[in-house]
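Colleague: Have a look at this one.
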Amino acid sequence: MSFWLPHATTQAAEVDYLIFAVVAGSCAILGLVYGSIILYAIRYRAGSKVARYGASEKSWGIEVAWTSVTLLVFFGLFIWGADLYVRLFQPPPDALKVYVVAKQWMWKIEHHGGQREINALHVPVGQPIQLLMTSEDVIHDFSVPAFRIKHDVLPGRYETLWFQVETAGVYRLFCTQFCGADHAQMTGEVVAMAPPEYEQWLEQNGTSGSMAKQGGILFMRYGCSGCHGGNGIGGAQATSAVQAPPLTGLYGGPVPLEDGSIVTADESYIRDCILLPEKRRVAGYPPIMPSFAGQVSEEDVLKLVAYIKSLAPEAPP
Amino acid sequence: MSAVIADTTKHAKSYLTDGTTIRSWLLTTDHKRIALLYLGSITLFFFIGGIAAALIRYNLIAPRGMIGSAETYNRLFTMHGVVMVWFFLIPAVPVTLGNFLAPLMLGARDLAFPKLNLISWYLYILAGAAALYSLIAGGVDTGWTFYTPLTTAYSKGHVVATIVAIFIAGFSSIATGLNFIISIHTLRAPGMTWYKMPVFLWSLYATSVILVLATPVLGMTLLLLAFERIFHIGVFDPAIGGDPLLFQHLFWFYSHPAVYVMILPGFGVISEIVPAFSNKGLFGYKFVVWSSISIAVISFLVWGHHMFVAGTSLYSALVFSILSFMVAVPSAIKVFNWIGTMHGGSVRFDAPMLYALGFIGLFTLGGLTGLFVAALAADVHLTQTYFVVAHFHYVMVGGMVSAYFAGLHFWWPKITGRIYPEIWGRVGAVIIFFGFNLNFFPQFLLGYYGMPRR
């Protein structure tokens, strides 16, 4: 255990520079405040024979001076912190996606290839990782101090967090949002490995199929294919007796909604369509899709989303 | 000196000796007596909250805990938070020193509504009884912030009783706030213009404005929380169609201004004491009073800084960050002006002044560490850790409690007609300053290393 918290990501060092700069600035101000209190306490103590000014000092000049200096310094700090924050929360488009489902009191992780783990997250170094996180019950928070990042994990929606680990190692993971009795035990570890070792780990933990493939099976089992057609090609009066939008090529594209607005079909949108179909209904289709809220677990929803994402725009017949 | 004081109490009827029956106290509408009733009751709650704090620290001695289950620990820190925030910090200075001194400083016979003043005490007692009931019945395990859906759907504690307690305490706050606002507007002595008012009255005024405007929002939020918990009406829980972030917005819309409810009266006390013991007028009176008013206004616009990692939009985070820096400026101005007051003065170091200097020292540290959590990227690392625990204890305990003790010592002779032993007063001030730092400074480091708070 070293004195310094390790810098496992490039941004960790940047966050530390900001923190240390504020520490340095605070020490300067603290020195000024404590120094002048001590100085005046000694110099102007009752009974000391020192020249004193009259009580009617003009204060405007000095007030304006220290107010504007304070403002200026604060504005600089704001810009610094905000710039870094914006980068911390904008994932690069090529990030490797990993799925996190939190519940009282454990972390469930699912990889693209279908590998699953609990209270541990294996990632390759040198590659941006984007977590797509949701909770089955209350609000949790995914926090890795060595990465200097954290983000709340909310029930009912997807939150994302990204990082790129530079140094291989094992880093502690905490839940930092109070989530009930065993909140303090809701910990885990992030294992960052060199890419070849990571590939090896994925193989050793290989499963019955990727998330998308498992999602495909669920797509049949939950009856989605009954309306949306096999392989999600969409339904029409002629083929499946109901009119349902095609799902091929849906992911990432624009979707015109019934209320006239247009949304991008990201994971959150697809999730909402499954669980809350009335919330953002696609234009031109009747409101017949039933809600699957309470019937599909968060993990199954993620698999369905992965399957729908995998449906290429021009699927071969 | 003491002989003189003894003489006057023997001859003139004081508010202390004017009627000695319990009835004469419980049905009094005299602002001085109500101040003492309040002093007794908030002291009781200060001890209850303090016992919870001591047990928390005791439990933390060993990694696995000293007093049993995690459940017990969670109930302890929740009770500590609830009692300290709503039954000590928020009322403390206004209802004791404020009640006692405001009419004297205004030159009025009493506050504008003496009966309302007494009612506010009874509401406080009723609320306190509800809080004690929930404590004795087994407590509540949600944390003082009551985040949903943990509170509405998962907690097994006595959530509703606790909410009822806070809801009623809110009405006590509103009554007190209204009384001060109206008294300051209408009961100033002839010739006392706004800029001739003692600066303590200005800070009471700023505090009261926040109390009256923000507390109803808390009341509504808690009502919604209770409805969701009892009747399962979906407001905050996404499983029944609610939005969990909505609760945080509403809660912090009250609770951030409430932080200034706690500290503004403290500023007022310090702004009276530093000049008194520097034998010199307050430096920059107008800047000090207008910084109180601007804190009261801006404090309503910074609630989102509690939610930088909660899942709000990037743009709202940027706006709340810059506004949080803005609200720190008036506090900095005050600190500089207190130091400016000492400059060229003739400074004595009696107990109240030692407490006041301790206040400036601890509050400055608390304020500066606020900059870390206002700067967005630094907040991402430090929020929800012990860093935040240390930060707000520096402001609330280091700052506010020091100011409260400073005020109690300063006006003790005025309130009781007696003088406390000076040496013990000074010893107390010094022990609190160093003991506080010993207790809370290491928590900044723990937080930086990533230790989560509970």
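Colleague: Taking the stated definitions as given, is A:Val15 among the β-branched types (Val, Ile, Thr), more than 10 Å from every other protein chain (Cβ to nearest Cβ), under 24 Å from A:Thr167 (Cβ atoms) and surrounded by 19 or more Cβ atoms within 10 Å (Cβ to Cβ)? Before you say what the answer is, go through the steps one by one.
Modeller: Working: among the β-branched types (Val, Ile, Thr): yes; more than 10 Å from every other protein chain (Cβ to nearest Cβ): no; under 24 Å from A:Thr167 (Cβ atoms): yes; surrounded by 19 or more Cβ atoms within 10 Å (Cβ to Cβ): yes.
No; evaluated as a whole, the condition is false for this residue.
Colleague: Which of the residues belonging to the stretch B:11-38 are β-branched (Val, Ile, Thr), in a loop (DSSP other than H, G, I, E, B) and in contact (Cβ under 8 Å) with a residue 24 or more places away in the chain? Walk me through it before giving the result.
Modeller: Step one: of the stretch B:11-38, the residues β-branched (Val, Ile, Thr) are B:17, B:20-22, B:28-29, B:34.
Those still in the list that are in a loop (DSSP other than H, G, I, E, B) too: B:17, B:20-21, B:28-29.
Within the stretch B:11-38, B:Thr28, B:Thr29 meet the criteria.
Colleague: Name, by its number, the condition in (1) without any contact (Cβ under 8 Å) to a residue 40 or more places away in the chain; (2) part of a helix (DSSP H, G or I); (3) closer than 23 Å to A:Tyr85 by Cβ that does not hold for A:Ala184.
Modeller: Failed condition: (3).
Results for (1) buried (at least 18 other Cβ atoms within 10 Å of the Cβ); (2) among the aliphatic types (A, V, I, L, M); (3) within 30 Å of B:Leu246 (Cα to Cα), shown as yes or no for each residue.
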site: A:Ala146; (1), (2), (3): yes, yes, no
site: A:Gly156; (1), (2), (3): yes, no, yes
site: A:Gln164; (1), (2), (3): yes, no, no
site: A:Gly180; (1), (2), (3): yes, no, yes
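Colleague: Here's something else I'd like to know. So, B:Ser294, is that one among the polar types (S, T, N, Q), in a helix (DSSP H, G or I), free of Cβ contacts under 8 Å to residues at least 60 places away in the same chain and over 21 Å from A:Leu88 (Cβ atoms) or not?
Modeller: Details: among the polar types (S, T, N, Q): yes; in a helix (DSSP H, G or I): yes; free of Cβ contacts under 8 Å to residues at least 60 places away in the same chain: yes; over 21 Å from A:Leu88 (Cβ atoms): yes.
Here the answer is yes, as B:Ser294 does meet what is asked.
Colleague: Taking A:Trp80 as meeting all but one of (1) in a helix (DSSP H, G or I); (2) under 23 Å from A:Ile129 (Cβ atoms); (3) within 7 Å of chain B (Cβ to nearest Cβ); (4) in contact (Cβ under 8 Å) with a residue 40 or more places away in the chain, write down the number of the exception.
Modeller: (2)
Colleague: Restricting attention to the stretch A:1-12, which residues are more than 10 Å from chain B (Cβ to nearest Cβ) and part of a helix (DSSP H, G or I)? Before you say what the answer is, go through the steps one by one.
Modeller: Pass one, the stretch A:1-12, residues more than 10 Å from chain B (Cβ to nearest Cβ): A:2, A:6-10.
A:Thr10 - this is the single residue of the stretch A:1-12 that is more than 10 Å from chain B (Cβ to nearest Cβ) and part of a helix (DSSP H, G or I).
Colleague: Between A:Gly234, A:Gly294, A:Gly226, which is within 25 Å of the chain's Cα centre (by Cα), more than 18 Å from A:Leu132 (Cβ to Cβ) and modelled with pLDDT under 85? Steps first, please.
Modeller: Numbers: A:Gly234 fails: within 25 Å of the chain's Cα centre (by Cα); A:Gly226 fails: within 25 Å of the chain's Cα centre (by Cα).
Answer to the check: A:Gly294.
Colleague: Mind checking whether some residue in the stretch A:52-74 is touching an Asp or Glu at 6+ places or on another chain (Cβ under 8 Å) and either of a type outside the set (Gly, Ala, Ser) or not in a loop (DSSP other than H, G, I, E, B) (or both)? Talk me through it step by step, then tell me what you get.
Modeller: Filtering the stretch A:52-74 down to residues touching an Asp or Glu at 6+ places or on another chain (Cβ under 8 Å) leaves none.
So far as the stretch A:52-74 goes, no, none of its residues is touching an Asp or Glu at 6+ places or on another chain (Cβ under 8 Å) and either of a type outside the set (Gly, Ala, Ser) or not in a loop (DSSP other than H, G, I, E, B) (or both).
Colleague: Only one of B:Phe253, B:Phe320, B:Phe283, B:Phe300 is in contact (Cβ under 8 Å) with a residue 60 or more places away in the chain and more than 9 Å from every other protein chain (Cβ to nearest Cβ). Can you tell me which?
Modeller: Numbers: B:Phe253 fails: in contact (Cβ under 8 Å) with a residue 60 or more places away in the chain; B:Phe320 fails: in contact (Cβ under 8 Å) with a residue 60 or more places away in the chain; B:Phe283 fails: more than 9 Å from every other protein chain (Cβ to nearest Cβ).
Matching residue, one of B:Phe253, B:Phe320, B:Phe283, B:Phe300: B:Phe300.
Colleague: Could you tell me which residue of the stretch A:256-280 is modelled with the lowest pLDDT, considering only residues that are surrounded by fewer than 17 Cβ atoms within 10 Å (Cβ to Cβ) and among the small types (Gly, Ala, Ser)?
Modeller: A:Gly260
This table checks each residue for (1) surrounded by 23 or more Cβ atoms within 10 Å (Cβ to Cβ); (2) at negative phi; (3) among the small types (Gly, Ala, Ser); (4) not in a helix (DSSP H, G or I).
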| residue | (1), (2), (3), (4) |
| --- | --- |
| B:Leu118 | no, yes, no, no |
| B:Tyr124 | yes, yes, no, no |
| B:Thr151 | yes, yes, no, no |
| B:Thr162 | yes, yes, no, no |
| B:Ile168 | no, yes, no, no |
| B:Phe171 | no, yes, no, no |
| B:Gly177 | yes, yes, yes, no |
| B:Tyr205 | yes, yes, no, no |
| B:Ile210 | yes, yes, no, no |
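Residue-by-condition table, conditions (1) closer than 29 Å to B:Tyr285 by Cα; (2) surrounded by 22 or more Cβ atoms within 10 Å (Cβ to Cβ); (3) within 7 Å of chain A (Cβ to nearest Cβ):
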site	(1), (2), (3)
B:Leu376	no, yes, yes
B:His391	yes, yes, no
B:Ala406	yes, yes, no
B:Lys414	yes, no, no
B:Arg426	yes, no, no
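Colleague: If the requirement is being in contact with a strand residue (DSSP E or B) (Cβ under 8 Å, 6 or more places away or on another chain) and either among the small types (Gly, Ala, Ser) or surrounded by 18 or more Cβ atoms within 10 Å (Cβ to Cβ) (or both), which of these qualifies: A:Ala283, A:Ala293, A:Ala312?
Modeller: Details: A:Ala293 fails: in contact with a strand residue (DSSP E or B) (Cβ under 8 Å, 6 or more places away or on another chain); A:Ala312 fails: in contact with a strand residue (DSSP E or B) (Cβ under 8 Å, 6 or more places away or on another chain).
Criteria check complete, one pass: A:Ala283.
Colleague: Which numbered condition in (1) under 21 Å from the mean Cα position of the chain (by Cα); (2) surrounded by 19 or more Cβ atoms within 10 Å (Cβ to Cβ); (3) at positive phi is the only one that A:Gly126 fails?
Modeller: Failing condition for A:Gly126: (2).
Colleague: Based on what the data block shows, is A:Gly226 crowded, with 18+ Cβ neighbours inside 10 Å and either in contact with a strand residue (DSSP E or B) (Cβ under 8 Å, 6 or more places away or on another chain) or outside the structural domain of A:Glu136 (by TED's automatic domain parsing) (or both)? Spell out how you get there, then give the answer.
Modeller: Working: crowded, with 18+ Cβ neighbours inside 10 Å: no; either in contact with a strand residue (DSSP E or B) (Cβ under 8 Å, 6 or more places away or on another chain) or outside the structural domain of A:Glu136 (by TED's automatic domain parsing) (or both): yes.
Spelling it out, it is not the case that A:Gly226 is crowded, with 18+ Cβ neighbours inside 10 Å and either in contact with a strand residue (DSSP E or B) (Cβ under 8 Å, 6 or more places away or on another chain) or outside the structural domain of A:Glu136 (by TED's automatic domain parsing) (or both).
Colleague: Just checking, how many residues over the stretch A:131-156 are more than 7 Å from chain B (Cβ to nearest Cβ) and not in a strand (DSSP E or B)?
Modeller: The number of residues fulfilling the criteria is 3.
Colleague: Restricted to the stretch B:340-353, and to residues that are part of a helix (DSSP H, G or I) and at pLDDT below 95, which residue is farthest from the other protein chains (Cβ to nearest Cβ)?
Modeller: First, the residues of the stretch B:340-353 that are part of a helix (DSSP H, G or I): B:340-342, B:351-353.
Still in the list and also at pLDDT below 95: B:340-342.
Working: B:Gly340: 7, B:Thr341: 9, B:Met342: 4 Å.
Per the criteria, the residue is B:Thr341.
The values are calculated or read from the model by the stated rules, or taken from the named source; none is laboratory data. Since the model is a prediction, treat every value here as computed from it, not as a measurement. Neighbour counts run over all protein chains shown; Cβ positions are idealised from the backbone, glycine included.
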